[in-house]
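Worksheet: the structure to be examined is printed underneath.
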Amino acid sequence: MKNIGKMGIHYLQRLNAANVPKDLIEKGQNRGELLRALGGVVASSSLLGVPLGHNSSFLQGPAFAPPRIREAIWCGSTNSTTEEGTIAAIGARGDHSISFPVVRAVSEKLGGPVDILHLDAHPDIYHEFEGNKYSHASSFARIMEGGYARRLLQKLGEGVKGVYISVDLDCLDPAFAPGVSHIEPGGLSFRDVLNILHNLKGDVVAADVVEFNPQRDTVDGMTAMVAAKLVRELTAKISK
């Protein structure tokens, strides 16, 4: 605690030395203006919350997920560092249909297709589902037919280049993440997923964490905490 206090004092001294107005320092939650006052920053990764749920085939709860994940990320009960020691301050999104426009944008930005590591209890490759070609059950069909991904994999080997990681929380056994719309018993443990991420050797360019449904979560927000930790670990992979 003493070291944390010293770091805080040192940081405030730096802000004062940079002639940042006192009222702006005291209103530190307005981080955008604070960063601009310090001369700006170059972001290595960004957290984008997309409250999307209308393409869900069962429940609309994922639309309420982004603010719950943000709240869990900044919760005082959690560790702000990742398991590899990186401070992580990605997309925390709604249903899985959001992966299509995001992967398309990443592919177009990079000038070519990406490799996708897809962790999910379902393949999401229906041509259309219940008459909706943009359903959360069809997102990867749209990605592949558009040529935005070289490969859609559930395990990455050698030779991968730009990697997009998509984590649907229903890939986890409900003992670890009960707050999902489509509960699938017999899924991965949380440690299984972390080991996959930590052992990944490819160049991770973007990621999403989707299908968290706060309306089905436990009272203490267990799944929100699981999603927040995944966001931190993925952010660290992108920032390397």
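Some notes on this structure:
- Elements of the type helices (runs of 4 or more DSSP H) sitting completely within the stretch 88-198 and holding at least 2 residues that are modelled with pLDDT under 90 and in the same structural domain as Arg216 (by TED's automatic domain parsing): these cover 99-110.
- Filter pass, Ala207 being among the aliphatic types (A, V, I, L, M), in contact with a Leu (Cβ under 7 Å, 6 or more places away or on another chain) and in the same structural domain as Asp95 (by TED's automatic domain parsing): yes
- Thr223 fulfils the conditions (1) more than 17 Å from His118 (Cα to Cα); (2) part of a loop (DSSP other than H, G, I, E, B); (3) not small (Gly, Ala, Ser) except for a single criterion, (2).
- Scanning the stretch 210-224 for residues that are closer than 9 Å to Ile69 by Cβ and among the aliphatic types (A, V, I, L, M) gives a single hit, Ala224.
The values are calculated or read from the model by the stated rules, or taken from the named source; none is laboratory data. Keep in mind that this is a model prediction, so the values were computed, not measured. Note that we place each Cβ from the backbone using ideal geometry, even for glycine, and neighbour counts take in every protein chain shown.
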